[in-house]
Structure formats: structure tokens, C-alpha cells
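Heads up, the thing below is written out as C-alpha cells.
The values are calculated or read from the model by the stated rules, or taken from the named source; none is laboratory data. Keep in mind that what you see is a predicted model, and the values were worked out from it rather than measured. Please note: Cβ atoms are built from the backbone with ideal geometry, for glycine as well, and neighbour counts cover all protein chains shown. When the accessible area is computed, the model is the full protein with side chains, heavy atoms only, and any ligands, DNA or RNA have been set aside. Shrake-Rupley method; radii C 1.70, N 1.55, O 1.52, S 1.80 Å.
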2 protein chains.
Amino acid sequence: MTNCIYIVGMGPGKGTKMTIEARAILKEMDTIIGYQVYLDLLGEEYSDKELISTPMKKEVERCRICYEKALEGKKVAMVCSGDAGIYGMASLMYELLQEYSNPNKKIKLRVVPGITAAISGAAEIGAPLNHDFCVISLSDLLTPWEKIEKRLKAAAYADFAIALYNPSSKKRSHYLEKACIIMSEYIENTRPCGYVKNIGREGTEIKVCSFEELKNEKVDMFTTVFIGNSCTKIIDNKLITPRGYKKNE
Amino acid sequence: MTNCIYIVGMGPGKGTKMTIEARAILKEMDTIIGYQVYLDLLGEEYSDKELISTPMKKEVERCRICYEKALEGKKVAMVCSGDAGIYGMASLMYELLQEYSNPNKKIKLRVVPGITAAISGAAEIGAPLNHDFCVISLSDLLTPWEKIEKRLKAAAYADFAIALYNPSSKKRSHYLEKACIIMSEYIENTRPCGYVKNIGREGTEIKVCSFEELKNEKVDMFTTVFIGNSCTKIIDNKLITPRGYKKNE
């Protein structure tokens, strides 16, 4: 017997940026498991499901509940905001697989992709990632800061467009400034940058600014920051990184 | 009067990985414009629309048709495979905006995000991008090779998980091998890697292999290549980059 657990990316916000496939799968489930904020975002449409949440930092417990429910024979999905495989729960689910799956009762995992904040935020602010790009999280909760610093430097040096996740939190209020100082070795003050707060939720806020201004901006953990590459321009107050098609005209 | 042109990411393949929002917008349109392959993928559901395509390398012309149709008063969407803002047409549409928009007849652009191949391919092959990552295109049609080389080196040096787009084509059959040789300064032969061909289309093919094996793999322009970071593991024949939650247990 094989049970399948779906690990579903909801996209940002209230679910209209969820894929048609993700919605169809969630509709089929008995049980949906996730961080409470994500379950709240799902809303009425899924109120006939068994909904289970665990607090932040209880990610391992949340995954274990998925496996236990699947072994009980329930159709189970774990939901994540954005995409489940970008700073999401997909890899942790795989890391626990061998504890629960065996030749007699095999469990299969399926990751159902979703729109991550780099992509939904980029769409709101224009097209800042329309060429080679990096995504870097400034959270050092699970990653040594030295590693983050090395990546920031390399990304700036090699002229990637950059999306920063988790640019700040109560305990890490100066991290964006710190990151900007590190990158300023390679990025000029006038470089077009910007950020999007609360993508797909109430209170969405979009700001285009210079690299120099960026380091003093008030951002929070619901903000995605964009740093253009050396070709990025501001057009109609949007952040645009050219792909290069225009020279083909 | 303001007209809005939608630049819509269809996600990979036949449209079930399109977002609910993207589908609702396309349903409202009079005219859908795109590369013929993408229009074919849309299929029957949109056969009541005026569908217009231009060949590859005629991207500027394709954008101009969008503007002309919008100025005629049509509701227009440009469709792109994956996401319109990741190596897509969004930035080119913005670059042409000022030629068509003026205070009397303002045209607004709206990018509607979609699932890019890095995300849909990652979901197929496990969770290779579950930490800081880079997306790099190996196509030097619009980008000098020296720039691509610099980015490959920096990405490998700073231990990013990496997704490669356009790893090969008829004219560039050795580019993946070339890229691997450049990155081998920093990436060991045993590093878990892999690729996904024809994501969301017929003939999907998923392969997990070592970095050493990768350079000799036969890939094409419909392949997305994944290179793990130094923590990436193979679990259940999938490519898994840990986020680091497990140490919180």
C-alpha cells in the first residue's frame, strides 16, 4: 500500500495566486496541516477539512503529524506559504521519510509548486529578476552569518539581480543595513532597488528607491527586498531588469 | 482613459500549474498574444479568443502588437511559459511602454506571476532549492559568455544551490560541460545534482546524478539543471537541500 502526502505551496496571501493544481489537490484532502496563519489564509473554502496547526519553531512536529495522519489512512497535505521547496517544509518532510516509510507501508511525497515571494513580489514591483538572479535569506536562525555574508558578497560581485528574504525582524532590526554595507563594495549608491511588503495580503506596500536609500528603509519579516543588477532601470516607477531582447529589433 | 495589458506567466506545460488568478484574467481577455508553442499549450479552453503569435526572435514585434491591440480598445494579455518576469517578456514590455503611453491615453502594465521552471522542476526532483539559490541561464545569445562564467564561478564559490536554464541547444551543445568545468574549482565530483526535462509536458524525464556525471549528460533547451549546495543529499532518489529545521527538534 502506498500513501501520498502532498506538500503544497499556497503562493502569497489569500489563495488566488495558488495554482489550479494545488487547489484541486487541497479539495481532495481529508486533513490539511500548516502554520496557523496559512490555515487562516485558506479560509472558508476548506472549512470541511480537518485542519491542524503547530506553532512556529515546531516544524518537525508538524511534519510528524503529517506522517501519522497518512499512516492512519488519511489523505494529507502540508501547506506552506509561497513555494514549499523554497525555504519551506519540503526538504524536512523528505528528511523524515525514512523513519515512516518501509516496504510494507510505503509513503510517497509529492511537492506541489507555488509562487514564491521573489516571483510574486517581482511582479508587483515590475520585472527586477528578468535575468540571472539570486535569492538569499538574511535570517541567521538556521544559517551561520558568515555563510550569508559570503553569498551577499558573491552575488553583488557577479552582478546578479538579488531578492532578499527575511530582511529584518525584531531581534535582527539592523540586518538589511548590515547586508547593504557588505554589498556596497560592488554596488553603487544609485543602483535601482526596492521592496514589497505584505505581498497578496492587506496593506501591500511597494517602494522603489536607490541602493543608498535602501539601507535605512524600515522593512520587516513580511518584506521582500530587490536589488537590481548593473543594467536595472526605473521605468514608470517600476524596477526593470532588461533581458536584452531590444537589441534584436 | 487607461488600458491595462496583462503579462501572464502560464507556468510549465498545459496550464494546471497556472494560477487561479492567471486563468481568470485570460478568460476575460479579447486577445491573447504569445509564442505559438504557448498558445498551443493553452488549448481549447481559450479558442474563443483572438490568438496572435509571432516567431521566436520576433519578441519586440510581439510586444508592439500587444500595445497596438490595447490602443484599439481590446483587452489584451501577453502569455509567457513559466513566469513572465524570469527570462520572460515583462521587462521588454516595460521598455516599450513610453513609446505608447501618454497622458491622454495611458497604458498600464500588470505582470501576473507564474511558476518558473526552477520551481516546477525543483518540485519534480525533490527540494534542491530549499535554501539560498541562484538561477543562471547558459544562453549567450543576449548575454556575454564572460558574464555567465563570472556568475557560475561566484555561485559555486559561495555555495549556492544552483538552477541552470537553457543548458544546451543545437548550436551550444557543449555549454553544460563547459559550465561544469568552470564550477569544478569549487564543487566536488560527488556533489548531488540532477535535471528535469519537459516539465509539465509529455515526456517528462527526471534524473539524479553526481556532479561528475552531470557534465556528460545529454540535455536540451527544455531541460532545467540543478546543482546542490554542499549540504544537499539524495533521499529516496530525490535531490534534497536541507533548510536546517531538523536541529530544532
key: Breaking point among (1) touching a residue at least 60 places away in the same chain (Cβ under 8 Å); (2) away from chain A (no Cβ under 11 Å); (3) touching a helix residue (DSSP H, G or I) at 6+ places or on another chain (Cβ under 9 Å), for residue B:114   = (2)
ask   = Out of the residues in region A:183-214 that are more than 16 Å from residue A:156 (Cβ to Cβ) and of a type in the set (Ser, Thr, Tyr), which is nearest to the chain's Cα centre (by Cα)?
value = A:195
message = Could you check region A:87-131 and list, in sequence order, the residues that are surrounded by fewer than 24 Cβ atoms within 10 Å (Cβ to Cβ) and in a loop (DSSP other than H, G, I, E, B)?
response = A:101, A:102, A:103, A:104, A:105
query = Has region A:163-176 got any residue that is in a helix (DSSP H, G or I), touching a helix residue (DSSP H, G or I) at 6+ places or on another chain (Cβ under 9 Å), aliphatic (A, V, I, L, M) and at pLDDT 95 or above?
reply = yes
request  = For region B:31-43, state whether one or more residues are closer than 24 Å to residue B:102 by Cα and of a type outside the set (S, T, N, Q).
outcome  = yes
remark   = Just one listed residue, out of A:182, A:162, A:199, is farther than 21 Å from residue A:88 by Cβ, of a type in the set (Val, Ile, Thr) and in contact (Cβ under 8 Å) with a residue 24 or more places away in the chain, and it is A:182
query = Looking only at residues in region A:71-84 that are over 13 Å from residue A:117 (Cβ atoms) and open to solvent by 10 Å² or more (accessible area, probe 1.4 Å), which one is nearest to the other protein chains (Cβ to nearest Cβ)?
reply = A:71
ask   = In region A:134-143, which residues are farther than 28 Å from residue A:23 by Cβ and either open to solvent by less than 10 Å² (accessible area, probe 1.4 Å) or of a type in the set (S, T, N, Q) (or both)?
value = A:134, A:136, A:138, A:139, A:143
ask   = Taking the condition within 14 Å of chain A (Cβ to nearest Cβ) and within 21 Å of the chain's Cα centre (by Cα), does residue B:171 pass?
value = no
ask   = Listed residues A:225, A:196; which is in a strand (DSSP E or B) and away from every other protein chain (no Cβ under 12 Å)?
value = A:225
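Residue-wise test of (1) open to solvent by 10 Å² or more (accessible area, probe 1.4 Å); (2) among the charged types (D, E, K, R); (3) closer than 16 Å to residue B:136 by Cβ; (4) not assigned by TED's automatic domain parsing to the domain that holds residue B:133.
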| position | (1), (2), (3), (4) |
| --- | --- |
| B:155 | no, no, yes, no |
| B:158 | no, no, yes, no |
| B:161 | no, no, yes, no |
| B:172 | yes, yes, yes, no |
| B:198 | yes, no, no, no |
| B:202 | yes, yes, no, no |
| B:206 | yes, no, no, no |
| B:227 | no, no, yes, no |
| B:235 | yes, no, no, no |
key: From B:45, B:68, B:61, residue being open to solvent by 20 Å² or more (accessible area, probe 1.4 Å), more than 14 Å from every other protein chain (Cβ to nearest Cβ) and part of a helix (DSSP H, G or I)   = B:68
message = Take the conditions under 25 Å from residue B:7 (Cβ atoms), within 10 Å of another protein chain (Cβ to nearest Cβ), under 16 Å from the mean Cα position of the chain (by Cα) and without any contact (Cβ under 8 Å) to a residue 60 or more places away in the chain and apply them to residue B:91. Does it pass?
response = yes
task = Return a yes/no flag: does region B:144-151 have any residue that is more than 7 Å from chain A (Cβ to nearest Cβ), outside any helix (DSSP H, G or I) and over 18 Å from the mean Cα position of the chain (by Cα).
result = yes
inquiry  = Please go through region A:10-33 and give me each residue that is away from every other protein chain (no Cβ under 14 Å), open to solvent by less than 30 Å² (accessible area, probe 1.4 Å) and assigned to a loop (DSSP other than H, G, I, E, B), ordered by number.
reply    = A:29
key: Yes/no for residue A:41 being of a type outside the set (Phe, Trp, Tyr), in contact with a Gly (Cβ under 8 Å, 6 or more places away or on another chain) and not assigned by TED's automatic domain parsing to the domain that holds residue A:202   = yes
request  = Kindly provide the set of residues from region B:237-249 that are farther than 12 Å from residue B:162 by Cβ and modelled with pLDDT of 95 or more, ordered by number.
outcome  = B:237, B:238, B:240, B:242
